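Comments concern the structure below.
The values are calculated or read from the model by the stated rules, or taken from the named source; none is laboratory data. Because the structure is predicted, anything quoted here is derived from the model rather than measured. Cβ atoms come from the backbone with ideal geometry, glycine included; neighbour counts cover every protein chain shown.
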Amino acid sequence: MLTVREISAAGYRSLKSIRFPVDPLSVFVGANGVGKTNLYRALELLQSAAAGTLTRDLAAEGGMESTLWAGKRRVGDKARVTLMAELADETGGSVPLGYEVGVGLVEQYRVDVGVSVATGAAFLLEPQIKSESLVQRTGRRPVTLLSRDGPHGFVRDADGAKQGFGKSLLATETALAAVQNGAAFPELDLTRRTLLEWRFYHDFRTDAGSRLRRPCLAVATPTLSSDGSDLAAVFATLAHIRQDTVDLDEAVGDAFPGARLVVPEPGREARFGLIFPDYPKRVFEASELSDGTLRFLALAGALLAYRLPPFIALNEPETSLHPDLLEPLARMIVKASERTQVWLVTHSERLAQAIAHSGRVGPRLVVKREGATWIDGLKLSGAFDDDED
């Protein structure tokens, strides 16, 4: 799979226009309302483009009226949400690939006073794919592997020849998701599969009805799902298939001194519990654990699983955690970044500084600049001051 070298977003909520590099471990910290979650959400929407759900997901956010940049635009500027990711082989063995997608409003015409009608096969208020491209960024002359302008475009096959999309795409469909022939279009297929492998962890439910609190099917599970519903299977895979829980046991002991994670041999279902030093003969099942303890264990499953995805994004993982758990969490994040890319947004200065201390990776401060989300020290060129130094 490919790693992320650069992200850009324009026209989305508070992201007027921003482009910045992505490191093996990226930490963004800032106050409420500066747009940290919009940065995170832009990444999720790039994955939605690969899954073919981008326009649906924008509609679910409230449609283009809610998601478009609400600030001033120059006369003639199109109302567009534009997202881009540059991907590359971390070993340097492949040429970087840049995928970009633009989403806009339905084109309309007036048929009577005060009446607008959508042109083409479209609903009046739906988001529509206006442009797509996949560019192989060679040193001298970039090669366009996918180009789309509205309904028209092409994709370049493995021999370098231009081909049509092979089907008539609706304006709500991305070509990245629709063109599925991996043998004919290997770079397109690799880009799609890479984006689909990303994992986003931000909403681990810990209430009484949470799936984290219930056993799950005993199926070998190398990577935690985004909702954490297969956490017990992830732990069982480490304990009984990989037979290596050294990092997991260390993380549990770091967070809860003297405690021990118990993962019984699964039958049809997998389960787990904790033994605390005050009650050495009593296993506390997942259904009995506090919200903070369960959330920390879910983060451990995400960051210490048998196989990590190529990219992990965390949004405010400190939520509901006791402050004493932030340093152990920071150490888990740094350890995970040795195996994959980790991208984190947080309110917690303490967590950010603990990561800086453990991993020597300084946090980036997210700010508002003239109403737009910006990152302190980011130059218009898309590089940070300290990177250029």
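Restricting attention to region 83-117, the residues being surrounded by fewer than 20 Cβ atoms within 10 Å (Cβ to Cβ), at pLDDT 70 or above and not in a loop (DSSP other than H, G, I, E, B) number 3. Within region 284-298, residues that are at pLDDT 95 or above sit with their Cβ atoms under 9 Å from residues that are assigned to a helix (DSSP H, G or I) and among the hydroxyl-bearing types (Ser, Thr, Tyr), at 6+ positions apart or across chains, in these pairs: Phe284/Thr293. Restricted to region 146-176, and to residues there that are touching a Lys or Arg at 6+ places or on another chain (Cβ under 6 Å) and without any contact (Cβ under 8 Å) to a residue 40 or more places away in the chain, the residue that is farthest from Thr194 (Cα to Cα) is Lys162.
Exactly one residue among Thr319, Thr346, Thr373 is surrounded by fewer than 20 Cβ atoms within 10 Å (Cβ to Cβ), within 29 Å of Leu196 (Cβ to Cβ) and hydroxyl-bearing (Ser, Thr, Tyr), and that residue is Thr319.
Scanning region 317-346 for residues that are of a type in the set (Val, Ile, Thr) and in contact with a strand residue (DSSP E or B) (Cβ under 9 Å, 6 or more places away or on another chain), we see that the one that is nearest to Ala42 (Cα to Cα) is Val345.
Pick from Leu146, Leu176: which is crowded, with 18+ Cβ neighbours inside 10 Å, in a strand (DSSP E or B) and assigned by TED's automatic domain parsing to the domain that holds Gln47? Of the residues listed, the single one that is crowded, with 18+ Cβ neighbours inside 10 Å, in a strand (DSSP E or B) and assigned by TED's automatic domain parsing to the domain that holds Gln47 is Leu146.
Is it true that Leu299 is surrounded by 14 or more Cβ atoms within 10 Å (Cβ to Cβ) and under 19 Å from Ala330 (Cα atoms)? Spelling it out, Leu299 is indeed surrounded by 14 or more Cβ atoms within 10 Å (Cβ to Cβ) and under 19 Å from Ala330 (Cα atoms). Tell me yes or no: at least one residue of region 33-49 is of a type outside the set (Ser, Thr, Tyr), under 18 Å from the mean Cα position of the chain (by Cα) and in a strand (DSSP E or B). The answer is no, given that none of the residues of region 33-49 is of a type outside the set (Ser, Thr, Tyr), under 18 Å from the mean Cα position of the chain (by Cα) and in a strand (DSSP E or B).
Against the test of being out of contact with any helix residue (DSSP H, G or I) (no Cβ under 9 Å at 6 or more places or on another chain), surrounded by fewer than 22 Cβ atoms within 10 Å (Cβ to Cβ), modelled with pLDDT under 95 and in a loop (DSSP other than H, G, I, E, B), the options Gly362, Gly382 yield a single qualifying residue, Gly382. Of Leu274, Leu289, all but one fail to be closer than 30 Å to Arg41 by Cβ and surrounded by fewer than 23 Cβ atoms within 10 Å (Cβ to Cβ); the exception is Leu289. Exactly one residue out of Asp189, Asp244 is assigned to a helix (DSSP H, G or I), modelled with pLDDT of 95 or more and surrounded by fewer than 22 Cβ atoms within 10 Å (Cβ to Cβ): that is Asp189. Looking at region 303-323 only, could you name the residues that are without any contact (Cβ under 8 Å) to a residue 60 or more places away in the chain and either of a type in the set (Phe, Trp, Tyr) or out of contact with any helix residue (DSSP H, G or I) (no Cβ under 6 Å at 6 or more places or on another chain) (or both)? Thr319, Pro323 - these are the residues of region 303-323 that are without any contact (Cβ under 8 Å) to a residue 60 or more places away in the chain and either of a type in the set (Phe, Trp, Tyr) or out of contact with any helix residue (DSSP H, G or I) (no Cβ under 6 Å at 6 or more places or on another chain) (or both). A single member of Leu274, Leu304 is among the hydrophobic types (A, V, I, L, M, F, W, C) and out of contact with any strand residue (DSSP E or B) (no Cβ under 7 Å at 6 or more places or on another chain), and it is Leu304.
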